[in-house]
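Trainee: Before anything else, here's the structure in question.
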């Protein structure tokens, strides 16, 4: 039960909150340990690739990126020679085992033959050359993640035998948690607790050896509702590794964590352990909140909230907001637009019995319109939504998602029980900041004291002086 | 130092000549990507209030600059959310053309945002497939309320600074021809030209604020900071201002010359006003166009008087010492060289001024040479290597070898705190070291040098060294401007990684 909104004047123009396919492709390669990225493009595209390395927090000492810096004459005459020289130079200088040669819009449109160039050059290059044509016009960043993941398939060796109780974790980085790897680490730790081996993380500091063995896993788990479905399905076809748990939201909040753990346990026959983890986890959250945030739920009860982010968190956090915090989700604004996410959200809304306004493919304009037209008390989103909310007179904005204005030094999971507490800590602090009195008009108190010199106003006046 | 490591050691004029004659390679290596023409054009356009840009291309171009510039504006200056629109070009547009889509986008944006101006900025894809953007824009002029302007800034169509120049020249099209009445009204007004991006940080004494204070101090007003949060109205009347003063001569030159040629608005050309000599030149040139010469002289005297005692003491301490100035930030390094030589009587050596800059920064170099200043330049091999040259082991080792020949107690290094010379370091990008312009700036810089010398005994933080040079790190590449970096560094284009919020690279 949900109502997907339609907007006028959006057929030809958008105010994007998601990058292009190049960023998605690069975000996959940035997650491969020891990868060099050679970009065949004008120099501005290097900023997009660098943003993808930012997403993985690959620090500047570990980035091995080179760009052909195409100019007009290269566009007219082609720049094969320039690319070959840069590949040779990068191979010699960086000495990495793999070089992804990425063609962006310009190289893609003029038809640079990246496959041919890499094939011809490979014999003299020590690293393995992987050509990828990734014109930004081929889709958004989520489509790019699918393209990048697909480029990794040749690294996965066929394996008839599977490791029992083992999984690959896919697309953890397609997430708006600013420190998404903490979610990945939480999942990995949890799986280890269940005795389930993680064969590969696709991708997070992933080695080629990990990819080589990924075909031996007995299941794939997707850690995003925004990207990776296509890759997982193709992986299943090629390597016979099934995708599991993709029909329920990821573990955000008590209810969804419990559901996810039970589904995991059911697949791997470990129900008893799941029950134990759920009991402990829920007790931990309740204990912390009892001691540190007793008024949390009374405070938020029936707060009308808009959630704006990716499908991964916008969908997965709904149950927590509605059932656990007793808020009322009035709008769900999702940056991506996959059919799988649509189906999942529809199912979740029906299950919860709510009918928020829904936007898929949300851009800046659509979010602004929703915040203008639908009365809400608070917005759960990123820095973008914080500014928009301010403009629309919405006082409370929970700045939890990427890009955030929050400086995060210690990694924070949003998945699981600690993750829920982390999210609530942000919500709690931003709530306080929004409502704290900073602009007391002392002059009014002064005036009142002069006009009505009662005991009460005298006290106010004294407080001011103190 | 080992002579094999030296690519060039001589005077700037000689380097400039070699570059002009093609006798030294001026190509930037593949690891040194600067923002492309589209990005730099967008940076200027981001400084025009009430303008909405439609990036005609795939979404990534609009998204990248929006995250880097607009989000930064909001984060650091409290400005509201600003959109950057895109036609979101897809495969179908690439094959069949995107003109229809652009036409629709212009109409939609006019209806959605009601902006004063709609700028259509072309990306690589639109440029290569040959969409006739000018024609679409011309046809749409009568159908929309906003003023329209196409800007051809495909990323491949020029070096990074060509985007600045292009937009600075083109926004002159928005300007109205001066009338005698308007000239009279603005006869004591100044445009600060060559600024870029939106509102600046609100809580810090920045250089633009200092210039504004100096201008008002001589009895004049600021009409507009172009393009730093200027409105269309301010742009329209800008030619009637008494004079255009360049914030950064290198960037202000294009718009200044264009306005001079079209409207006869005088141009005050001067290098960045670092130091007293450059500041006084800047102020005198501004004042003479407004008949405020006497007021300017009186004001300069009072400004100098306010710092005189401390400044003269500092200057006598600094005279004869050596300043090694990191040349990555080309225009700033030349301006600092000008200041330390002219004002402090120090010997300036510009270190690792990339030969590429000799070509890209012609205006500032010409000016400096014309004024008779020709600083010493040292370029070592690491600068031209594939890698991140501001903070990499290769250039670090070369610099240390060079410093071995200099007296560490008589030498300071002007550069990034990410470098580790064994001589005192002055990082003018640090937020507490602002303003750097004007009299107060001159004193501040002099005090920074003295503080560095005074605390030289402390040495550099081993933590900082471990952050920059982790064990086992190999060669890394130069980082591009990313949204994260832009947020950390609000008001100027930056290229080096890991600099923190509040630092500024006046490129």
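The values are calculated or read from the model by the stated rules, or taken from the named source; none is laboratory data. Note that the coordinates shown come from a computational prediction; the quantities given were computed from them, not determined experimentally. So basically every Cβ, Gly included, is an ideal-geometry build from the backbone, and we count neighbours across all protein chains shown.
Trainee: Among the candidates A:66, A:46, which residue alone is outside any loop (DSSP other than H, G, I, E, B), out of contact with any helix residue (DSSP H, G or I) (no Cβ under 9 Å at 6 or more places or on another chain) and either buried (at least 24 other Cβ atoms within 10 Å of the Cβ) or at the interface with chain B (Cβ under 7 Å from one of its Cβ atoms) (or both)? First the steps, then the outcome.
Mentor: Values: A:66 fails: out of contact with any helix residue (DSSP H, G or I) (no Cβ under 9 Å at 6 or more places or on another chain).
Of the residues listed, the single one that is outside any loop (DSSP other than H, G, I, E, B), out of contact with any helix residue (DSSP H, G or I) (no Cβ under 9 Å at 6 or more places or on another chain) and either buried (at least 24 other Cβ atoms within 10 Å of the Cβ) or at the interface with chain B (Cβ under 7 Å from one of its Cβ atoms) (or both) is A:46.
Trainee: In addition: Test residue B:36 against the criterion of being more than 20 Å from the chain's Cα centre (by Cα) and facing chain A (nearest Cβ under 9 Å), and give yes or no. Break it down into steps so the answer makes sense when it comes.
Mentor: Numbers: more than 20 Å from the chain's Cα centre (by Cα): no; facing chain A (nearest Cβ under 9 Å): yes.
In short, no.
Trainee: Now, a different point. Determine whether region A:204-218 contains at least one residue that is within 15 Å of the chain's Cα centre (by Cα) and under 30 Å from residue A:107 (Cα atoms).
Mentor: Here is the first cut: in region A:204-218, the residues within 15 Å of the chain's Cα centre (by Cα) are A:204.
Okay, now just the ones that are also under 30 Å from residue A:107 (Cα atoms), so A:204.
Yes, some residue in region A:204-218 is within 15 Å of the chain's Cα centre (by Cα) and under 30 Å from residue A:107 (Cα atoms).
Trainee: Tell me which residues, restricted to region B:261-313, are modelled with pLDDT of 95 or more, surrounded by 14 or more Cβ atoms within 10 Å (Cβ to Cβ), outside any helix (DSSP H, G or I) and out of contact with any strand residue (DSSP E or B) (no Cβ under 8 Å at 6 or more places or on another chain).
Mentor: Once the filter is applied, which keeps residues that are modelled with pLDDT of 95 or more, surrounded by 14 or more Cβ atoms within 10 Å (Cβ to Cβ), outside any helix (DSSP H, G or I) and out of contact with any strand residue (DSSP E or B) (no Cβ under 8 Å at 6 or more places or on another chain), region B:261-313 yields only B:292.
Trainee: Working carefully through the options B:50, B:97, find the one that is at pLDDT 95 or above and more than 9 Å from chain A (Cβ to nearest Cβ). Let's see the steps before the verdict.
Mentor: Values: B:50 fails: at pLDDT 95 or above.
The match here is B:97.
Trainee: Kindly evaluate residue A:314 against the criterion of being assigned to a helix (DSSP H, G or I) and crowded, with 17+ Cβ neighbours inside 10 Å. First the steps, then the outcome.
Mentor: Values: assigned to a helix (DSSP H, G or I): yes; crowded, with 17+ Cβ neighbours inside 10 Å: yes.
Criteria met by residue A:314.
Trainee: What is the number of the single condition among (1) more than 10 Å from chain A (Cβ to nearest Cβ); (2) touching a helix residue (DSSP H, G or I) at 6+ places or on another chain (Cβ under 6 Å) that residue B:74 does not meet?
Mentor: Residue B:74 satisfies every listed condition except (1).
Trainee: Then there is this: Please determine whether any residue of region B:77-89 is within 12 Å of chain A (Cβ to nearest Cβ), assigned to a helix (DSSP H, G or I) and within 18 Å of residue A:14 (Cβ to Cβ). Show your work before the answer.
Mentor: In the first step, residues of region B:77-89 are kept if they are within 12 Å of chain A (Cβ to nearest Cβ); the result is B:77-89.
The next check asks that each one be assigned to a helix (DSSP H, G or I); those that pass are B:77.
Then drop every residue that is not within 18 Å of residue A:14 (Cβ to Cβ), which leaves none.
No, region B:77-89 contains no residue that is within 12 Å of chain A (Cβ to nearest Cβ), assigned to a helix (DSSP H, G or I) and within 18 Å of residue A:14 (Cβ to Cβ).
Trainee: Can I ask one more? Among the candidates A:341, A:346, A:362, A:350, single out the residue that is part of a loop (DSSP other than H, G, I, E, B), more than 12 Å from every other protein chain (Cβ to nearest Cβ) and modelled with pLDDT of 95 or more. Working first, answer last.
Mentor: Values: A:341 fails: part of a loop (DSSP other than H, G, I, E, B); A:346 fails: part of a loop (DSSP other than H, G, I, E, B); A:350 fails: part of a loop (DSSP other than H, G, I, E, B).
Answer to the selection: A:362.
Trainee: Further question on the same structure: Have a look at A:91, A:74 and point out the one that is more than 9 Å from chain B (Cβ to nearest Cβ) and in a helix (DSSP H, G or I).
Mentor: Every option except A:91 fails the conditions.
Trainee: Determine whether region A:205-218 contains at least one residue that is within 24 Å of residue A:418 (Cβ to Cβ) and outside the structural domain of residue A:26 (by TED's automatic domain parsing). Talk me through it step by step, then tell me what you get.
Mentor: Taking region A:205-218 as the starting set, the residues that turn out to be within 24 Å of residue A:418 (Cβ to Cβ) are A:205.
Subset that is outside the structural domain of residue A:26 (by TED's automatic domain parsing): A:205.
Within region A:205-218, one or more residues are within 24 Å of residue A:418 (Cβ to Cβ) and outside the structural domain of residue A:26 (by TED's automatic domain parsing).
Trainee: Which residues, taken from region B:215-239, are out of contact with any strand residue (DSSP E or B) (no Cβ under 8 Å at 6 or more places or on another chain) and part of a helix (DSSP H, G or I)?
Mentor: B:217, B:233, B:236, B:239
Trainee: Also: Somewhere in region A:75-98, is a residue under 30 Å from residue A:335 (Cα atoms) and at pLDDT below 95? Spell out how you get there, then give the answer.
Mentor: So in region A:75-98, the residues under 30 Å from residue A:335 (Cα atoms) come out as none.
No, every residue in region A:75-98 fails to be under 30 Å from residue A:335 (Cα atoms) and at pLDDT below 95.
Trainee: If you go through region B:109-126, how many residues are part of a helix (DSSP H, G or I), crowded, with 22+ Cβ neighbours inside 10 Å and within 8 Å of chain A (Cβ to nearest Cβ)? Step through it out loud before you land on a result.
Mentor: Narrowing region B:109-126 to residues part of a helix (DSSP H, G or I): B:109-113, B:124-126.
Applying the additional criterion that residues be crowded, with 22+ Cβ neighbours inside 10 Å yields B:109, B:124-126.
Subset that is within 8 Å of chain A (Cβ to nearest Cβ): B:109, B:124-125.
So the answer is 3.
Trainee: Something else: Determine which single condition residue A:120 fails, assuming it passes every other condition in (1) more than 8 Å from chain B (Cβ to nearest Cβ); (2) touching a residue at least 12 places away in the same chain (Cβ under 8 Å).
Mentor: (2)
Trainee: Looking at (1) surrounded by 18 or more Cβ atoms within 10 Å (Cβ to Cβ); (2) at the interface with chain B (Cβ under 9 Å from one of its Cβ atoms); (3) within 26 Å of the chain's Cα centre (by Cα), find the lone condition where residue A:99 falls short.
Mentor: All conditions are met except number (2).
Trainee: If you scan region A:9-40, which residues turn out to be more than 8 Å from chain B (Cβ to nearest Cβ), in a loop (DSSP other than H, G, I, E, B) and over 16 Å from the mean Cα position of the chain (by Cα)?
Mentor: Within region A:9-40, A:33, A:34 qualify.
Trainee: Residue A:407: surrounded by fewer than 20 Cβ atoms within 10 Å (Cβ to Cβ) and outside the structural domain of residue A:312 (by TED's automatic domain parsing), yes or no? Full working, then the answer.
Mentor: On the way: surrounded by fewer than 20 Cβ atoms within 10 Å (Cβ to Cβ): yes; outside the structural domain of residue A:312 (by TED's automatic domain parsing): no.
In short, no.
Trainee: Tally up the residues in region A:170-183 that are buried (at least 24 other Cβ atoms within 10 Å of the Cβ) and outside any loop (DSSP other than H, G, I, E, B), please.
Mentor: 2
Trainee: If you take just the helices (runs of 4 or more DSSP H) that sit entirely in region A:201-277, which of them hold at least 2 residues that are surrounded by 23 or more Cβ atoms within 10 Å (Cβ to Cβ)? Full working, then the answer.
Mentor: Values: elements: A:208-213, A:229-239, A:253-267.
Answer list for region A:201-277: A:229-239, A:253-267.
Trainee: A follow-up question, please. For region A:49-58, give me the residue count where each residue is within 8 Å of chain B (Cβ to nearest Cβ) and assigned to a loop (DSSP other than H, G, I, E, B).
Mentor: Selection size over region A:49-58: 0.
Trainee: A further question follows. Run residue A:61 past the list (1) at the interface with chain B (Cβ under 9 Å from one of its Cβ atoms); (2) touching a strand residue (DSSP E or B) at 6+ places or on another chain (Cβ under 9 Å) and report the number of the one that doesn't hold.
Mentor: Of the numbered conditions (1) at the interface with chain B (Cβ under 9 Å from one of its Cβ atoms); (2) touching a strand residue (DSSP E or B) at 6+ places or on another chain (Cβ under 9 Å), the odd one out for residue A:61 is (2).
Trainee: Which numbered condition in (1) assigned to a strand (DSSP E or B); (2) more than 14 Å from chain A (Cβ to nearest Cβ) is the only one that residue B:139 fails?
Mentor: Just one mismatch for residue B:139, condition (1).
Trainee: Show me the helices (runs of 4 or more DSSP H) found entirely inside region B:337-438 where at least 3 residues are closer than 20 Å to residue B:19 by Cβ and either within 14 Å of chain A (Cβ to nearest Cβ) or at pLDDT 80 or above (or both).
Mentor: Values: elements: B:355-360, B:362-370, B:393-403.
Because the criterion is at least 3 residues that are closer than 20 Å to residue B:19 by Cβ and either within 14 Å of chain A (Cβ to nearest Cβ) or at pLDDT 80 or above (or both), the helices (runs of 4 or more DSSP H) in region B:337-438 that meet it are B:355-360, B:362-370.
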